[in-house]
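The values are calculated or read from the model by the stated rules, or taken from the named source; none is laboratory data. The structure displayed is predicted, hence computed values, not measured ones. Quick reminder, even Gly has a Cβ in these numbers, built from the backbone with ideal geometry, and neighbours come from all protein chains shown.
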Amino acid sequence: MSHNWSDVFIGVEGRTIPDPVDVEQQKRGGWLAQLRDGLAKSRKALQQQFASVMFDRFDDDLWEKIEEALIYADVGIDTTVSIVEKLEAEADSGAIKDSTGLVTRLREVTAEHFCQDDRRIDVAHTPAVILMVGVNGTGKTTTIGKIAWHLKQLGKEPLLVAGDTFRAAAVEQLSEWGSRVGCEVVKHERGGDPAAVVYDGIAAAEARKADVVIIDTAGRLHTQVNLMKELEKVARVIKKRIPEAPHEVLLTIDATTGQNGLIQARMFKEAVDITGVVLTKMDGTAKGGIALAVSHELDVPIKLIGTGEKLESLQPFDPAEFALELFGESLGRS
């Protein structure tokens, strides 16, 4: 897991501006401690599922119980079958020889099933445009504020655009983050045309030489076709102003919604070209496997993971560290 936020972004490499959060994280036990705490519920639930599994018997009962445990953890049926088939083949070939090897490979194969595309966030443009999408309550606006804060610490000048014109609270929340971070927020009156706000926001960013434009959008329910069409319109408006933009389309998913999060992700991917997922509220679920289901089945990288409300609780995502902390040091009675 990266300790340096300059490694999280494409376009800020080599910057030596210190990240104050690192100091606070060290006081709290570091990045891995934050991740370990955030995955505590999921890890405990998985270990309970595996408690009766005899890992030293490579038989049908073992593979079925591993499947059951992974499905219970919201890994998803397709991804679970793929993982178990891989493990079973390696056991049959003799590549996995004992219970220790099986548990090790379970973690490794799980990590391998995450989309392996670049997990960094592309801000190597002037301005770089990040479009944030997701349903209400997924932590979208808060995530925008946290990303802006980290960019500011790294010497980038972000500009926020209040594209959610349907909820007054959304504009107010984004404005509060703008004040806290120290960056401008472009906004219109409530009920205005989101595409018009976005157009003005990008124009303002170009005029003011802002480095990064982060656009908030309405928390569209994935069942509301008209609102998804509105999102497509916003994306078209961005491209009219900057043909290669948006450079990132980040989808926030609330981990506690489980398989509903996967359904949401599919719908949003149909509307816009999602480049990455921010999985929030991971500390609030006992079924953390949803991260794997979303990444593997949609072939989209998890770029950030939220494990709490504090600034340092938004972390860059690392599949290997995630798998290690999800399963823990040992499983079953191996």
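Tabulated data for the structure shown
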{"read-out": "Residue list for the stretch 275-306, filter: among the hydroxyl-bearing types (Ser, Thr, Tyr) and surrounded by fewer than 24 Cβ atoms within 10 Å (Cβ to Cβ)", "value": "THR275"}
{"read-out": "Among (1) out of contact with any His (no Cβ under 6 Å at 6 or more places or on another chain); (2) touching a residue at least 12 places away in the same chain (Cβ under 8 Å) - the single one HIS125 does not satisfy", "value": "(1)"}
{"read-out": "Residue list for the stretch 278-297, restricted to those being among the aliphatic types (A, V, I, L, M), over 19 Å from GLN34 (Cβ atoms) and either in contact with a Ser or Thr (Cβ under 7 Å, 6 or more places away or on another chain) or free of Cβ contacts under 8 Å to residues at least 40 places away in the same chain (or both)", "value": "LEU292, ALA293"}
{"read-out": "Residue match in the stretch 55-70 (condition: surrounded by fewer than 20 Cβ atoms within 10 Å (Cβ to Cβ) and modelled with pLDDT under 90)", "value": "yes"}
{"read-out": "LEU159 being closer than 22 Å to GLN315 by Cα, surrounded by 22 or more Cβ atoms within 10 Å (Cβ to Cβ) and in contact with an Asp or Glu (Cβ under 7 Å, 6 or more places away or on another chain)", "value": "yes"}
{"read-out": "Among (1) assigned to a loop (DSSP other than H, G, I, E, B); (2) under 28 Å from LEU227 (Cβ atoms), the one test that ILE144 misses", "value": "(1)"}
{"read-out": "Residue in the stretch 122-143 that is modelled with the highest pLDDT, counting only those that are β-branched (Val, Ile, Thr) and over 21 Å from GLN173 (Cβ atoms)", "value": "VAL123"}
{"read-out": "Failed criterion for CYS115 (all others in (1) assigned to a helix (DSSP H, G or I); (2) within 30 Å of ILE83 (Cα to Cα) hold)", "value": "(1)"}
{"read-out": "Positions within the stretch 118-131 being assigned to a strand (DSSP E or B) and surrounded by fewer than 24 Cβ atoms within 10 Å (Cβ to Cβ), in sequence order", "value": "ASP122"}
{"read-out": "Sole residue being within 24 Å of HIS296 (Cβ to Cβ), surrounded by 19 or more Cβ atoms within 10 Å (Cβ to Cβ) and touching a helix residue (DSSP H, G or I) at 6+ places or on another chain (Cβ under 6 Å), chosen from THR110, THR143, THR138", "value": "THR110"}
{"read-out": "Subset of the stretch 257-288 that is more than 13 Å from the chain's Cα centre (by Cα) and part of a loop (DSSP other than H, G, I, E, B) - its residue that is modelled with the highest pLDDT", "value": "ASP273"}
{"read-out": "Hey, GLY191 within 22 Å of LYS229 (Cβ to Cβ) and touching a residue at least 60 places away in the same chain (Cβ under 8 Å) or not", "value": "no"}
{"read-out": "Residues satisfying the stated conditions in the stretch 162-177, i.e. surrounded by fewer than 21 Cβ atoms within 10 Å (Cβ to Cβ) and either touching a strand residue (DSSP E or B) at 6+ places or on another chain (Cβ under 6 Å) or not in a helix (DSSP H, G or I) (or both)", "value": "PHE166, ARG167, SER175"}
